[in-house]
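Note sheet for the following structure.
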Amino acid sequence: MLIRKLFKFEGAHIVRGCSTRRCSMSIHGHSYRVEVLVKADALDKGQMVFDFSLLKAAVGKLIDGFDHAIAFWDKDEPEYIDACKRFSERWVSLPVSPSAEQFSRVFFCLIEDALQRAPMHNGEVGVALHSVIVHETDTGYAQSFREDAYNTSMGLVTLADIIFSPTIQGE
């Protein structure tokens, strides 16, 4: 069985190498929607896959770290990265380009780690992250599954390489 929890954040980025100049050469923002789909083959004592409140507690702070922040690829031009850090106290450095596709992979890795640490004390069995969908616009999204998140041919995503600004860390 699947359950779905929707999270939202406002964020900015540049996607270098994108085929459109507007996307690849200009900082721009989106009202992102992140759908987290969790699965289990059994229900807990409350006859739920996983309590939505627990899911919100486990994932909400992670998503909020991206809210009103600029996300950049750690391989971008050093001058751009320095400017992001200088003029915004909320930034996230990523080991991959901040496209919707890569955001879905990054969120998959972050959320899977958070779910593995979440309290399971109500008879939950086999709770696992099924997929993550990142809506960049109302009409476009990217969906990542486990095989995508850890596919090194799409770029290596490791938790240690996702760096939140000191302001975000302090929150």
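Within the option set ASP64, ASP82, ASP76, being loosely packed, with under 15 Cβ neighbours inside 10 Å and modelled with pLDDT of 95 or more holds for one residue only, ASP82.
Scanning segment 129-171 for residues that are part of a strand (DSSP E or B) and of a type in the set (Val, Ile, Thr) gives VAL132, ILE133, VAL134, ILE163. Being assigned to a helix (DSSP H, G or I), surrounded by 19 or more Cβ atoms within 10 Å (Cβ to Cβ) and in contact (Cβ under 8 Å) with a residue 24 or more places away in the chain is true of CYS109. Here SER131, SER99 are screened, and the one residue that is closer than 18 Å to LYS39 by Cα, touching a residue at least 40 places away in the same chain (Cβ under 8 Å) and surrounded by 19 or more Cβ atoms within 10 Å (Cβ to Cβ) is SER131.
Against the criterion of being modelled with pLDDT under 95 and basic (Lys, Arg), ARG117 qualifies.
If you go through segment 1-55 and keep only what is of a type in the set (S, T, N, Q) and over 29 Å from ILE70 (Cβ atoms), you end up with GLN47, SER53.
The condition (being over 28 Å from GLU171 (Cβ atoms) and in contact (Cβ under 8 Å) with a residue 40 or more places away in the chain) is satisfied by just one residue among GLY46, GLY11, GLY65, GLY60: GLY46. Being in contact with a Pro (Cβ under 8 Å, 6 or more places away or on another chain) and not polar (S, T, N, Q) is a condition met by no residue of segment 108-129. Annotation: of all residues in segment 138-154 being under 15 Å from the mean Cα position of the chain (by Cα) and not acidic (Asp, Glu), the one that is surrounded by the fewest Cβ atoms within 10 Å (Cβ to Cβ) is ARG146.
The values are calculated or read from the model by the stated rules, or taken from the named source; none is laboratory data. As the structure is a prediction and not an experimental result, all values here were calculated from the model. Counting neighbours? That spans all protein chains shown, and the Cβs are built from the backbone with ideal geometry, glycine included.
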